[in-house]
Structures are given as C-alpha cells and as structure tokens.
1. Cβ-Cβ below 9 Å, separation at least six or inter-chain, first residue in the range 340-368 and without any contact (Cβ under 8 Å) to a residue 60 or more places away in the chain, second assigned to a helix (DSSP H, G or I) and open to solvent by 40 Å² or more (accessible area, probe 1.4 Å): which pairs?
2. Please count how many residues of the range 302-314 are touching a strand residue (DSSP E or B) at 6+ places or on another chain (Cβ under 8 Å), open to solvent by 20 Å² or more (accessible area, probe 1.4 Å) and at pLDDT below 80.
3. Tell me the strands (runs of 3 or more DSSP E) entirely within the range 93-165 that contain at least 3 residues that are touching a residue at least 24 places away in the same chain (Cβ under 8 Å), open to solvent by 70 Å² or more (accessible area, probe 1.4 Å) and out of contact with any helix residue (DSSP H, G or I) (no Cβ under 9 Å at 6 or more places or on another chain).
4. Just give me the residues in the range 455-487 being surrounded by 20 or more Cβ atoms within 10 Å (Cβ to Cβ) and either modelled with pLDDT of 90 or more or assigned to a loop (DSSP other than H, G, I, E, B) (or both), in sequence order.
5. Output yes when any residue across the range 437-451 is closer than 21 Å to LYS486 by Cβ, open to solvent by 60 Å² or more (accessible area, probe 1.4 Å), in contact (Cβ under 8 Å) with a residue 12 or more places away in the chain and not in a helix (DSSP H, G or I), and no when none is.
6. Failed condition for ARG103, given (1) under 18 Å from the mean Cα position of the chain (by Cα); (2) among the charged types (D, E, K, R); (3) more than 19 Å from ALA398 (Cα to Cα), with all others met?
7. Mind listing just one residue for me: the one in the range 385-407 that is under 22 Å from ASP530 (Cα atoms) and of a type in the set (A, V, I, L, M) and, of those, modelled with the lowest pLDDT?
8. Failed condition for ARG410, given (1) assigned to a loop (DSSP other than H, G, I, E, B); (2) at pLDDT 95 or above; (3) in contact with a strand residue (DSSP E or B) (Cβ under 7 Å, 6 or more places away or on another chain), with all others met?
Amino acid sequence: MSEVSRASSVSVEQGAAANGAARSQTDVLIVGAGPTGLTAALCLARWRVPFRLIDRATHAAAGSRAIGVQARTLELFEQHRIVDALLAAGHRGHAGNIMAGTRRIIRIDFDPLDSRYPFLFFAEQSVTERVLTEALAAFGHAPERGVELVDFDADGTSVSAHLRHADGTEENLDAAWLIGTDGAHSTVRHQLGVRFEGETFEQGFVLADLRIEWDLPEDEFHIFLSGEGLTAIFPLGGGRYRLIADATPEAASNPEPPTLDECRSIVSARVRHAATLGGVEWSSRFTINSRMVSALRSGRVLLAGDAAHVHSPAGAQGMNTGIQEAMNLAWKLALVQRGAPDKLLDSYHAERHPIERDVLRQTAFVTRMGMVDHGWMLALRDRLAPLLTALGPVRNAARRGISELAVHYRRGPLCFDRLLDGGAQAGDRAPDAYVEVLDGPLGKVPSHARLFDLHDPAGFSLFVLLEPGTPATQLKMLGSFIESFKGLADKMEGALRIWQIADVAQRNGGPQLSDGYGQSRPVFFLWRPDGYIAARGRVGVDGPACLAFFMKRFAPAAKSEELRQP
C-alpha cells in the first residue's frame, strides 16, 4: 500500500489476523477505480472522509471506451473545479444528425441549452479518469492498483473485507461502508446476490477509434441508418473519430479486434457519403446488455455505475449516470459518518433507481429503432420522427434529456418546496446565475460572482435572494432567519454556508438570477452538495419549517437536539 493510500485509513494495524493477514481500518472502501469510483473518492476526499479506493487491475485501462461527457456532468465538474482540465483535452460536438440513406431525418443541436456547456463533449474515458485521478492527488489520495477484493462480510455495524495485493500479500480491512463501482462483472454485486434484471441483445457491435477524411462538420456527430445496418460516427478532434456499428453474429463472435479493412467495408456499404478511413488506434467488439440491480443499497453495501446498471451506449448516458450517482451518494455517506440519520442513505436508491430505469428504457428503445430494417416501425421512424423533432418543445426535450439537464429529484424524500412565482423547484438542478454578493462567509467578498463559483460541493449553500439595495431595516427583519441558520451552520462543521445575494446587471449575456429563480424577494434556495435544490420558500413564512426540515434529514442527531434547546 502506498504512503498516500495509508493516509486514507483511520488506522492500520499490523497485528496478525486469524489467517495471518494484516488488519486495517477505514470509513469507506470503494472497489473499482473507473470514473464512478474515482468520482466517489474525490467527493469523499473533499469532505475529509477516510477511504480506500482499490482496483484489481495493476494499471489504468488505456482503451478509449466511453467517450461522451454530457453538459450536466460538466457543470458538476465545474463545481469541483476540474472542468477546465477536461475541456482542454477533448472535443466539442455542437449537434447530432441521424441519416436514413442520404436523407437527414433528425437533427439535434445543443446550442440552445441553458448551460455554459451547450455541447456534447467527447474525450476518451482514459482522459476523464486521468483528470479525476489528478484532482484526487491534489487531496493527497491515489487509487491502489493491483488490489483485489476477494470476499467480504457485512453486518449492521460494519463491513469486513478480505483483500489480496498484486504481490500475493493479503489484508483484512474493516470499513463502515462498502461502495461497489467495479463494473459490469462486479464482484461486490455477485457476492451480495442482488438480482441483475434485464436482457441481452442478440445483436453484436464493433467499435473503433480511427482517422476519417470527409467534408462533414467535425463538430457534429452522425448516425447512419441503412438496410445493411446501423453505423454511428462521433468526432474526437484532429480528424479522429469513434466508429460504432452493428455486426453479424459471425463478426461479433470473432475473437480478434476489428481491422481497418473491416471498418472500411462497413462504412463503404452503409454510409452514403464519401469518406476515407485511416489507421485504427483502438478497436473492440461487444454485445449489449440492458440490465439493472433491484436495489442500490443492501445494508452497508452500496452499488453505483456499471456495477448497478449496464445498457446500450446510445445517447452516451452510462458513464455520466455513474458519475452523477457517485456525487449523489458521497455527500450522504459523509453526513451519516458525521452523525446524520442512517435513513438518509435510503434516499440514494429512491432518487437514482428511477433514473437508471428510465435510462435503460430509453437506450433500449433508441437501439431497437436504430436497427429496424423493415415493416411499420421503419416507416414510423423515417416518417414520423422527423415531424415530431421539428416541433420546438419535442426538440428541446430531446436535447435536455440527452444532456441530462432534465434529471431531477422532484417529489423525492429530500425536497422542501413552497410555491413561488417561478424558477427552479426543490429537486431540480440548481441553475447558474450572475449575482451581487451582499453578505457571505467572507462578507461582501467577492462583490460579484456566479452561483457555481460560490457553491462548495463539500457542503450546502443557503442563498437568500434580496432586492438590490435592500434597506437596513429589511435586512434587520431577516435577522432571525439568518441567525437561526448561522447557528445550524456552526453545528455543521463548515458544511453549510450562507450567502445573501441580489440581481446584478447582465454580464456577457450570462444568466440572470431572476431567469432561474423567479422574481419574488426575499426568498431562499438551499442547494445540496451535489448541485440540486433541496428547499425553497419565502424567508418570513417558510424559514422555521425549512430549518426543521434540514435538522431532521441532514444534521447530526445530537446537534439537532442542541439547536432545539432554548
């Protein structure tokens, strides 16, 4: 174990266990150092929760694998201060086209998205993992490669894991929690015995990263539908592209990776556009499974990413879904470790499982429709789909769905919502805006900022929205509301920050506070650590009820009792 990794543990005892292995201890064991596991580790590191992140592979995978990073994931990466490093190493796709023969039947452009990232971002999964690993290193942590989870036992109070290192040494690790992010063939899921429900598509696929010369825009992706099969081509930048195509059963069962000649044959037969293919950098074959677990939590063991769900790559949803699951889960684990009610972790399944189910349904439907080659479904796809997507609301819903900006937790167990005159609701993604800072943790510094800059994902942010130039008398009336939450913030060990903000003149065409949060003042919006709204309401009317809501769900039990004392 590296010195960096030793620092992740609460303690390491070198005394011998019954099987002669060393025994160690930590708060959270994360199994699997892909994008989901790395994200969970980064979030826990930000919360200063001791953890171990292990992976049985001795080196990070070099293959391209998942390549699409959606706008919502980029927004969350921005709040973790890592988005710039990723954007510098990938390519932006501003639109997507679906072609039936030589006719374009669907076009989805991302420019109208209400986000700083109105595009589908393409980067090899290895790049995303590198950015996350470097961010983790800034907190003094690193994944432990070549460490395998052999088995584990979990009871109501802890998890006892048996680990094997690459050099053959063994270790017994006691953890409060275990997170399984170890992929589609998850050891954690298999040992739990959790059902992995769904289906396997009979169709096989080939994929390859290669060079293509053609005259189509390099900031758009193209999906070609033909009687010979489905072919999708996504730009990676610099003349490089990802090719995905369905294959015959014989081709899918070929143990050798696809060759350049095979890729040329596919494109020549299916793509009605002149294209010259160059050297293959990486290629693979796969079949599609569409499966998900019946439960994301089993006592002290939780599942995320491909360990919890696998599905078609249509729409580039898989990696993004896993990353967002990790962000949903990590802050809840951190609060429970600080004494918040254990049932807070039940909200992980309640919030994320329906989203996983929708992703599986949608990706399976899109995959089937893409492979249709005859009958009424073909006519439906080629004739009705263009008419529907020509409608503004349908096209907007499609781009928001693909970008995952439409993901929300409304009507979930962690929502406190009071009717205002508009704006985001409790459970919604918290939109960004330019604001004037009237007061905050550092007073009036900064004087102007974006909400994404003010929010720290290692805690909640309570934004109190006021009119510009609010008189001192009104500020005084807000005193009891502000002071009650300041008292709570003191008990939350820095996990709650309070900002008094107001609208500011428009800057660089950026979003205004009233665009995303309505016109009513004074009101409050409480952001969760993962960038979603937990609560909203009017300061004078709804403040006490919101405080009670917060204490019941998020505050350590002992601290809640202290706050109730006269």
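1. Listed pairs, sorted by first residue: LYS343/ARG553; ARG368/MET377.
2. 1
3. Working: elements: 95-100, 103-109, 120-122, 147-154, 159-165.
It comes to none.
4. Once the filter is applied, which keeps residues that are surrounded by 20 or more Cβ atoms within 10 Å (Cβ to Cβ) and either modelled with pLDDT of 90 or more or assigned to a loop (DSSP other than H, G, I, E, B) (or both), the range 455-487 yields HIS455, PRO457, GLY459, PHE460, SER461, LEU462, PHE463, VAL464, LEU465, LEU466, PHE485.
5. Checked against the condition, which is being closer than 21 Å to LYS486 by Cβ, open to solvent by 60 Å² or more (accessible area, probe 1.4 Å), in contact (Cβ under 8 Å) with a residue 12 or more places away in the chain and not in a helix (DSSP H, G or I), the range 437-451 yields at least one hit.
6. (1)
7. Within the range 385-407, the match that is modelled with the lowest pLDDT is ILE402.
8. Condition (3) is where ARG410 drops out.
The values are calculated or read from the model by the stated rules, or taken from the named source; none is laboratory data. Since the structure is predicted, the reported quantities are computational estimates derived from the model, not experimental observations. For neighbour counting, all protein chains shown are included, and Cβ atoms are generated from backbone atoms with ideal geometry for every residue, glycine included. All accessible areas refer to the heavy atoms of the entire protein, side chains included, with ligands and DNA or RNA removed. Shrake-Rupley method; radii C 1.70, N 1.55, O 1.52, S 1.80 Å.
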